[in-house]
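Please read the structure below before turning to the comments.
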Amino acid sequence: MGEIKVSPDYNWFRSTVPLKKIIVDDDDSKVWSLYDAGPRSIRCPLIFLPPVSGTADVFFQQILALTGWGYRVIALQYPVYWDHLEFCDGFRKLLDHLQLDKVHLFGASLGGFLAQKFAEYTHKSPRVQSLILCNSFSDTSIFNQTWTANSFWLMPAFMLKKIVLGNFASGPLDPEMADGIDFMVDRLESLGQSELASRLTLNCQNSYVEPHKIRDIPVTIMDVFDQSALSTEAKEEMYKLYPNARRAHLKTGGNFPYLCRSAEVNLYIQIHLLQFHGTRYAAIDPSMVSAEELEVQKISLHASHEQEEQ
């Protein structure tokens, strides 16, 4: 097992894209780790925010594919922040440091919730151009853990890991999904007690998204039809919150479709970003647009034919 960790793609990614560490807060212990790949001339890149168990490199397949198409992509790993306001303030400082005025955000699970909170936090002076929300939620109360949120900081690392692993799929899985889970377990092992405790606190602290503050932002909701940590009610709530959102449904993919169904996820990301081509908010090098659009249309056509045949 652990196929992803020893795969040529992952090793190529690790050897070609450097991991940067940036401090933007007065507290030197708060370090953002990030991979920044693709043309630096792009001023409105796509930024990936990981789930509780994830590190920045869980999006390596998106980085490799999208930069190949000419996109600028940044994948992040959060410092230790204990509340949503503190996170939003730190993230705003990071964007200032990177000299990025507006960005597209792809958030997975907790990452998607934080992306929505950041869009809400900056709604008077918008910093978020669009959102892709993968297996995400809009209200932390769905986890029924708001009462324990304030005690995660006291728990030892093994107990926190047990809480997170409880949401991972079990039972028979296809090989790609099994490899994806193995890789996420490995990433989870690399996180320290304070990193895990702070992320679980952000995940469960009593909070919800105020939709009226972000209703003008283009949104794609990406979710899976098979087993995931999200309840049907949580998914329905997201559809209600964003009635005009595009929906990107994957038949299978579990909690981590960006790892085990990367081709489909990458296609949905490209389709989402097409609407910004030719504007100042394009995340792609203009010289790459025609070839990339043609390829997306070909793949979309192929996918629709396959669905018709089924």
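A few notes on this one:
- Only a single item in (1) touching an Asp or Glu at 6+ places or on another chain (Cβ under 9 Å); (2) in contact (Cβ under 8 Å) with a residue 60 or more places away in the chain is not met by residue 131, and it is number (1).
- All conditions but one from (1) open to solvent by 10 Å² or more (accessible area, probe 1.4 Å); (2) assigned to a helix (DSSP H, G or I) apply to residue 125; the one that does not is (2).
- Restricting segment 254-303 to residues that are part of a helix (DSSP H, G or I), open to solvent by 20 Å² or more (accessible area, probe 1.4 Å) and β-branched (Val, Ile, Thr), the residue that is modelled with the highest pLDDT: 271
- Close pairs (7 angstrom Cβ cut-off, 6 or more residues apart or separate chains): over 17 Å from residue 106 (Cα atoms) in segment 262-289, of a type in the set (A, V, I, L, M, F, W, C) and at pLDDT below 90 anywhere: 277/289
- Condition check for residue 29: open to solvent by 80 Å² or more (accessible area, probe 1.4 Å) and either more than 17 Å from residue 188 (Cβ to Cβ) or among the β-branched types (Val, Ile, Thr) (or both): yes
- Which listed residue is under 26 Å from residue 267 (Cα atoms), in contact with a helix residue (DSSP H, G or I) (Cβ under 9 Å, 6 or more places away or on another chain), part of a helix (DSSP H, G or I) and modelled with pLDDT of 95 or more, from 87, 60, 91: 60
- Residues that are at negative phi and part of a loop (DSSP other than H, G, I, E, B), drawn from segment 171-206: 172, 173, 174, 190, 191, 192, 205, 206
- Residue match in segment 186-196 (condition: open to solvent by 10 Å² or more (accessible area, probe 1.4 Å), touching a helix residue (DSSP H, G or I) at 6+ places or on another chain (Cβ under 6 Å) and either free of Cβ contacts under 8 Å to residues at least 40 places away in the same chain or among the polar types (S, T, N, Q) (or both)): yes
- In segment 1-26, the residues that are more than 19 Å from residue 181 (Cα to Cα) and surrounded by fewer than 15 Cβ atoms within 10 Å (Cβ to Cβ): 12, 14, 15, 16, 18, 19, 20, 21, 26
- One residue from 115, 75 being in contact with a Gly (Cβ under 7 Å, 6 or more places away or on another chain), small (Gly, Ala, Ser), crowded, with 24+ Cβ neighbours inside 10 Å and closer than 29 Å to residue 204 by Cβ: 115
- Residue match in segment 28-45 (condition: touching a residue at least 12 places away in the same chain (Cβ under 8 Å), part of a helix (DSSP H, G or I) and touching a strand residue (DSSP E or B) at 6+ places or on another chain (Cβ under 8 Å)): no
- Residue in segment 10-27 that is hydroxyl-bearing (Ser, Thr, Tyr) and under 21 Å from the mean Cα position of the chain (by Cα) present: yes
- Apart from one condition, residue 231 fits all of (1) among the small types (Gly, Ala, Ser); (2) open to solvent by less than 30 Å² (accessible area, probe 1.4 Å); (3) at negative phi; the exception is (2).
The values are calculated or read from the model by the stated rules, or taken from the named source; none is laboratory data. Here the structure is a predicted model, which means the values were calculated and not measured. Ideal geometry is used to build each Cβ from the backbone, glycine not excepted, and the neighbour counts take in all protein chains shown. Areas reflect the complete protein model, heavy atoms only, side chains present, ligands, DNA and RNA absent. Shrake-Rupley method; radii C 1.70, N 1.55, O 1.52, S 1.80 Å.
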